[in-house]
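Visitor: Structure provided below as structure tokens; questions to follow.
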Amino acid sequence: MTLPMSDPTAWATAMNNLGMAPLGIAGQPILPDFDPALGMMTGIPPITPMMPGLGIVPPPIPPDMPVVKEIIHCKSCTLFPPNPNLPPPATRERPPGCKTVFVGGLPENGTEQIIVEVFEQCGEIIAIRKSKKNFCHIRFAEEYMVDKALYLSGYRIRLGSSTDKKDTGRLHVDFAQARDDLYEWECKQRMLAREERHRRRMEEERLRPPSPPPVVHYSDHECSIVAEKLKDDSKFSEAVQTLLTWIERGEVNRRSANNFYSMIQSANSHVRRLVNEKAAHEKDMEEAKEKFKQALSGILIQFEQIVAVYHSASKQKAWDHFTKAQRKNISVWCKQAEEIRNIHNDELMGIRREEEMEMSDEEIEETTETKETEESVSQAETLKEENDSLRWQLDAYRNEVELLKQEQGKAPREDDPNKEQQLKLLQQALQGMQQESCATRLCTSSQDSDYPLEKTLNSSPIKSEREALLVGIISTFLHVHPFGASIEYICSYLHRLDSKICTSDVECLMSRLQHTFRQEMTGVGASLEKRWKFCGFEGLKLT
């Protein structure tokens, strides 16, 4: 390609704008830094997102590769790219669902038709709001079109071939926040959330177990079928569920009471069967435990034998004949066998320890009771022996006092002061012995009286301070409700004070206090209800 040219630089610029590699007269490239990877090869124009017919988002450009923008020719204007050495124009944070862009730096003589001509290459334009101050807002049909419009930020626009200042400008394209875009984005998010909820609901319904079949209504025919099923062990669970549903529905009346009683009696007949089954399962479990223990002990014996083989092989008589690799393997096998043996041994010892703990718990309860009784009996016997010995000493001192009195009457008057002193000492000793005997009697009587006190405390219906507080609160609650209240209503009130209170414990406590609380049946037919009432004032007279 050899053409005459006057200005090589202008010729190279023109060839570059046409998308052709610039060549010299001799066929050599004029631009030494020409990069063929940018698509500017001979006969192949560079691909830009502004080319007509391309409706795709431009591929991402690596950060280390310089972005080369080309001149864009339109019917009424021409767009010149910015200097590639300058930093990219700044943009604001992208609003959610943004479809609107702000375009500033428009020429003063720019019209809406020119704006459409420039930006319709980015995609379908829905609306344009142009201002008199050389800027406008453009709303596109899709979000990806905004990225193509941002590509034009920094371009210099020139209307026609005019160089007038009013016919030129530098475009600044940025994201714009519009209420219509935000509303459409929120609608789209709500639609996606609804779809997600619907998908989850469908998944839950798919994974939910099927609902049980509906229970038939009561009739004489269905009653006879259920009664026959209640007698069959294999159909008992299904039949008893039907019976429970009928009773909760209130199907029991005077006419059907006998039928229901017979079905309840049939259900009660299965109690013995269930108890026997439980006992049989417990027996099987004990036998399985015993078999497991025996098998584990047999395995431990075999492990001991294997370890003994390894230890005997490690002795010098046999060890010297093995190679290094064989010795290493034998030592590794010995360690592994010892570790497994220790694990199984610990497991067997744990089983035996659990059995011993179960046995020891029962023995400890019995031994503590026997020890307490033996200690109390021994203490009583020692106190009785001390009391008897003091009584005998007291009698001996009395006899000595009487003898001294008799001798005092017979003896002469010379020994009077000595005998008076002896009499005083004997009287003091006698008083001390009497005091000791009284103290021992009090100890024995107090010890004997401790047992009935303990019995009375143990036999008291209120066993702790917590139960006493519960009785006071329930009494106050029922005193406010003179017609009584159900156990569920009482417990719902108590749960506000303490959520750990159990309904069964409250009912058991109230049933123990028969002179304080009374249970009555109220209602007729299906509306029968058990109500608790406070009867403490009446019970005070009875007790």
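The values are calculated or read from the model by the stated rules, or taken from the named source; none is laboratory data. These numbers come from a predicted model, not from an experiment. Glycine gets a Cβ as well: all are built from the backbone with ideal geometry, and neighbour counts include every protein chain shown. Note: areas computed on protein heavy atoms with side chains; ligands, DNA, RNA excluded. Shrake-Rupley method; radii C 1.70, N 1.55, O 1.52, S 1.80 Å.
Visitor: Condition check: assigned to a strand (DSSP E or B), of a type outside the set (Gly, Ala, Ser) and open to solvent by 60 Å² or more (accessible area, probe 1.4 Å). Does residue 139 satisfy that?
Guide: Spelling it out, it is not the case that residue 139 is assigned to a strand (DSSP E or B), of a type outside the set (Gly, Ala, Ser) and open to solvent by 60 Å² or more (accessible area, probe 1.4 Å).
Visitor: Report, by residue number, each residue of segment 297-328 that is acidic (Asp, Glu) and touching a Lys or Arg at 6+ places or on another chain (Cβ under 8 Å). Full working, then the answer.
Guide: We begin by selecting, within segment 297-328, every residue acidic (Asp, Glu); these are 304, 320.
Once the filter is applied, which keeps residues that are acidic (Asp, Glu) and touching a Lys or Arg at 6+ places or on another chain (Cβ under 8 Å), segment 297-328 yields only 304.
Visitor: Something else: Name the residue, out of 254, 197, 272, that is surrounded by fewer than 10 Cβ atoms within 10 Å (Cβ to Cβ) and either within 43 Å of the chain's Cα centre (by Cα) or assigned to a helix (DSSP H, G or I) (or both).
Guide: 272 is the lone residue from the list that is surrounded by fewer than 10 Cβ atoms within 10 Å (Cβ to Cβ) and either within 43 Å of the chain's Cα centre (by Cα) or assigned to a helix (DSSP H, G or I) (or both).
Visitor: Pick from segment 117-168 the residues that are on the phi > 0 side of the Ramachandran plot and among the small types (Gly, Ala, Ser): which of them is nearest to the chain's Cα centre (by Cα)?
Guide: Taking the candidates together, the pick is 123.
Visitor: Take residue 65 and tell me if it is at pLDDT below 70, open to solvent by less than 30 Å² (accessible area, probe 1.4 Å), part of a loop (DSSP other than H, G, I, E, B) and not assigned by the TED database to the domain that holds residue 155.
Guide: Spelling it out, it is not the case that residue 65 is at pLDDT below 70, open to solvent by less than 30 Å² (accessible area, probe 1.4 Å), part of a loop (DSSP other than H, G, I, E, B) and not assigned by the TED database to the domain that holds residue 155.
Visitor: Next up: Please state which one of 208, 190 is without any contact (Cβ under 8 Å) to a residue 24 or more places away in the chain, open to solvent by 100 Å² or more (accessible area, probe 1.4 Å), under 25 Å from residue 98 (Cα atoms) and basic (Lys, Arg). Full working, then the answer.
Guide: Details: 208 fails: under 25 Å from residue 98 (Cα atoms).
Matching residue, one of 208, 190: 190.
Visitor: Out of the residues in segment 237-250 meeting the condition of being surrounded by fewer than 18 Cβ atoms within 10 Å (Cβ to Cβ) and touching a residue at least 12 places away in the same chain (Cβ under 8 Å), tell me which one is farthest from the chain's Cα centre (by Cα). Outline the logic, then answer.
Guide: Filtering segment 237-250 down to residues surrounded by fewer than 18 Cβ atoms within 10 Å (Cβ to Cβ) leaves 237-238, 241, 244-245, 247-250.
Subsequent filtering for residues that are touching a residue at least 12 places away in the same chain (Cβ under 8 Å) retains 241, 245, 247, 249-250.
Numbers: 241: 32, 245: 34, 247: 37, 249: 36, 250: 39 Å.
Ranking the qualifying residues of segment 237-250, first place goes to 250.
Visitor: Still on this structure, please answer the following. Of the residues that sit in segment 482-509 and are assigned to a helix (DSSP H, G or I) and hydrophobic (A, V, I, L, M, F, W, C), which one is most open to solvent (accessible area, probe 1.4 Å)? Before you say what the answer is, go through the steps one by one.
Guide: Applying the first criterion (assigned to a helix (DSSP H, G or I)) to segment 482-509 yields 487-497, 503-509.
Narrowing further to those that are hydrophobic (A, V, I, L, M, F, W, C): 487, 490-491, 494, 497, 506, 508-509.
Details: 487: 19, 490: 2, 491: 4, 494: 2, 497: 110, 506: 2, 508: 64, 509: 6 Å².
By that ranking, first place goes to 497.
Visitor: Filter segment 464-518 down to the residues that are touching a residue at least 12 places away in the same chain (Cβ under 8 Å) and among the polar types (S, T, N, Q) and list them by number.
Guide: 475, 486, 503, 514, 516
Visitor: Within segment 91-124, can you find the residues that are free of Cβ contacts under 8 Å to residues at least 40 places away in the same chain and either farther than 15 Å from residue 173 by Cα or open to solvent by 40 Å² or more (accessible area, probe 1.4 Å) (or both)?
Guide: Matches in segment 91-124: 111, 112, 113, 116, 120, 124.
Visitor: With farther than 30 Å from residue 391 by Cβ, at pLDDT 85 or above and hydroxyl-bearing (Ser, Thr, Tyr) as the only criterion, which of 486, 464, 460 stands out?
Guide: Result: 486 is the single residue among 486, 464, 460 that is farther than 30 Å from residue 391 by Cβ, at pLDDT 85 or above and hydroxyl-bearing (Ser, Thr, Tyr).
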